[in-house]
1. Looking at the stretch 185-202, can you tell me whether even one residue there is closer than 18 Å to residue 102 by Cβ, of a type in the set (A, V, I, L, M) and either in a loop (DSSP other than H, G, I, E, B) or touching a His at 6+ places or on another chain (Cβ under 6 Å) (or both)?
2. What single numbered condition from (1) modelled with pLDDT under 95; (2) in contact with a Phe, Trp or Tyr (Cβ under 9 Å, 6 or more places away or on another chain); (3) surrounded by 23 or more Cβ atoms within 10 Å (Cβ to Cβ); (4) not in a loop (DSSP other than H, G, I, E, B) fails to hold for residue 133?
3. Any chance the stretch 72-81 includes a residue that's closer than 23 Å to residue 200 by Cβ and either over 16 Å from the mean Cα position of the chain (by Cα) or of a type in the set (Val, Ile, Thr) (or both)?
4. Any residue at all in the stretch 136-158 that is over 17 Å from residue 75 (Cβ atoms), among the basic types (Lys, Arg) and under 15 Å from the mean Cα position of the chain (by Cα)?
5. Given the options 118, 72, name the one that is crowded, with 19+ Cβ neighbours inside 10 Å, in contact with a Pro (Cβ under 6 Å, 6 or more places away or on another chain) and aromatic (Phe, Trp, Tyr).
6. Given the residues 63, 90, which is the only one that is in contact with a Ser or Thr (Cβ under 8 Å, 6 or more places away or on another chain), at pLDDT 95 or above, within 24 Å of residue 232 (Cα to Cα) and surrounded by fewer than 24 Cβ atoms within 10 Å (Cβ to Cβ)?
7. So, in the stretch 136-166, of the ones that are charged (D, E, K, R) and surrounded by 15 or more Cβ atoms within 10 Å (Cβ to Cβ), which residue ends up nearest to residue 15 (Cα to Cα)?
8. Where residues in the stretch 215-239 are over 17 Å from residue 29 (Cα atoms) and either assigned to a helix (DSSP H, G or I) or among the aromatic types (Phe, Trp, Tyr) (or both), which of them is modelled with the highest pLDDT?
Amino acid sequence: MTGPEPLTLYCVPHAGGSARSFVRWRRELPAALHARPLEIAGKGLRSREPRAATLRAAAADLALRLDPAGRYALLGHSMGGLLAYETALALHALGRPAPEFVVVAATRPPHLLGGSSYGPLLALDDDALLDALAENGRIPREVRRSPMRHRFVPVIRGDLALLAGHRPDPEPRPLRSDLVAWYGGDDADTPPEVMAGWRHYTRRTHVGEAFDGGHFFLHERFDEVVARLLGLAQHRAGR
């Protein structure tokens, strides 16, 4: 008897990150999970393409590039969580099968995005911007000292502009998939009471779960994250 079909996990990185953020995931996820990192236009492997004007347009572009066959889910980290949510909506509009679940990790729900500090950061000069992001845990501190930082800053600014310019719908648009909201217990931007707001964004099951760590718990707590992903995939395979 064969086991359940492996689940493809489409992964969307944080602001300033790229598909390379999930290199370890591609190498080390167990056979039951296949990581497929996604890249929005203007970044990483798609750096020569023009950026989308809005976060929603970036998500619509991702949806057009996906035609999932078989079991799949979406996972997004920080800004990537908003992109994963919007991509799931765009896939539905295209008539594609819904993901089994969507994970939003370290991501404020759309209606509370205005309470984030991202917008004002755009007015800072490059050094002050990197200092502020490192101070609140949004980028690793070594980025501030990197000799390659001149290449990172335009990417970070472009992503922050997408976040600052995002205009969510007046009323939440609920997904037709289970929605899992993960957050780091030490991440001041995504406390439990904020993350609980994601319950309004699905017609199905909503789960909120905390991890030890800060904004980058998704990568720092890799083994624990993988165990929970396996649990999600196995639970839905048994439905």
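1. The answer is no; no qualifying residue exists.
2. Just one mismatch for residue 133, condition (2).
3. no
4. Within the stretch 136-158, one or more residues are over 17 Å from residue 75 (Cβ atoms), among the basic types (Lys, Arg) and under 15 Å from the mean Cα position of the chain (by Cα).
5. 72
6. Criteria check complete, one pass: 63.
7. Here the residue is 159.
8. My answer is 216.
The values are calculated or read from the model by the stated rules, or taken from the named source; none is laboratory data. What you see is a predicted model; the values in this text were computed from it and never measured. Note that we place each Cβ from the backbone using ideal geometry, even for glycine, and neighbour counts take in every protein chain shown.
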